[in-house]
1. Taking the stretch 91-105 on its own, how many of its residues are under 15 Å from residue 48 (Cα atoms) and in contact with a strand residue (DSSP E or B) (Cβ under 7 Å, 6 or more places away or on another chain)?
2. Sort out which residues of the stretch 11-69 are in contact (Cβ under 8 Å) with a residue 60 or more places away in the chain, out of contact with any helix residue (DSSP H, G or I) (no Cβ under 6 Å at 6 or more places or on another chain) and closer than 16 Å to residue 83 by Cα, and write them in order of number.
3. It is to be established whether one or more residues within the stretch 82-91 are modelled with pLDDT under 95 and on the phi < 0 side of the Ramachandran plot.
């Protein structure tokens, strides 16, 4: 399944199921075939993703310094910051224009 996140404020962001599920889980929405992130929910969604990115970067730094093992860090080798960047851009642009973000419609 593909997620197509749409907003009237920006281009569509397409993600594979695993990445889309991850973004939705991070913002407190369950993976689903369709849904909406309202303008009112966008600031909290951005903050949640930014917090997850910071935590992931901290964990990666701990791996590099030998504090923890690589298998203790969730992920597949792609930095969360890279994976989340297009989605964060969509959320920011949508917030700026006062538009909701939808998928599956």
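The values are calculated or read from the model by the stated rules, or taken from the named source; none is laboratory data. Since we're looking at a predicted model, the values are computed, not measured. Neighbour counts are summed over all protein chains in view; Cβ atoms, including those assigned to glycine, are modelled from backbone coordinates with ideal geometry.
1. 1
2. 15, 20, 22
3. yes
Matching residues to (1) within 15 Å of the chain's Cα centre (by Cα); (2) surrounded by 12 or more Cβ atoms within 10 Å (Cβ to Cβ):
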position	(1), (2)
2	yes, no
25	yes, yes
30	yes, no
34	no, no
